[in-house]
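**Student:** Take a look at the following structure, please.
The values are calculated or read from the model by the stated rules, or taken from the named source; none is laboratory data. All of these numbers come straight from a predicted model, not from anything done at the bench. Quick reminder, even Gly has a Cβ in these numbers, built from the backbone with ideal geometry, and neighbours come from all protein chains shown.
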């Protein structure tokens, strides 16, 4: 997506600041698997950016990361970051987008149901270390919150969930950590066999996690 915007020297935006339909359609084949493409086209006779969640979310995250900007009706790639599009700098680009995704973007944005507890996504730094220690082998989802979340965060989350029945702790963990980290390639997941909405049952860190995440310890 970023390469396409950069090479086009900008893409005309809609009045709402989305990519125009022509550009959206040009991104279907590069970004989607055959099954995902079939599902998208099955429910949309014409495809606008909000219908194409992968592209829609990608565009927003890239904007909050400072890589895309809307000026004079055009969505443009910020040229000072052009070096990040080089293959040798893929790791730096990954870091910039990962940081924007968890620190600035609201992961709950695309979820129409449940309550907004987006504050918990900003605790990602406190989650990664215990995750690296306790999920090198398969970890049951039933143990995820107790094993990995900081006690103060568990307490705050429980207070936020009290008195409502839309979401529970496992829903929050799945929405804000497990599915995102899986999509980023950092978690491997074993899914339930539910035909319509498989849920994660066990997780473990991926080889990419071991390459990407580093922890420095102080001698003091």
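**Student:** If you check every pair at least six apart or on different chains, which have Cβ atoms under 7 Å apart with a residue in the stretch 197-219 that is within 14 Å of residue 180 (Cα to Cα) and assigned by TED's automatic domain parsing to the domain that holds residue 142 first and a residue that is modelled with pLDDT of 85 or more and exposed (fewer than 10 other Cβ atoms within 10 Å of the Cβ) second?
**Tutor:** 204/137
**Student:** While we're here: Among the residues of the stretch 190-220, write down those that are surrounded by 10 or more Cβ atoms within 10 Å (Cβ to Cβ) and closer than 20 Å to residue 124 by Cβ.
**Tutor:** The answer is 200, 203, 204, 205, 206, 207, 208, 209, 210, 211, 212, 213.
**Student:** Go through (1) under 23 Å from residue 92 (Cα atoms); (2) surrounded by fewer than 15 Cβ atoms within 10 Å (Cβ to Cβ); (3) at pLDDT 95 or above one by one and return the number of the condition residue 187 breaks.
**Tutor:** So residue 187 meets the others, but not (2).
**Student:** Are any residues in the stretch 33-72 at pLDDT 95 or above and on the phi > 0 side of the Ramachandran plot, and if so, which ones?
**Tutor:** Within the stretch 33-72, just 66 meets the criteria.
**Student:** Collect the residues in the stretch 69-87 that are under 12 Å from residue 18 (Cα atoms) and in a loop (DSSP other than H, G, I, E, B), keeping them in residue-number order.
**Tutor:** Listed by number, the list holds a single entry, 73.
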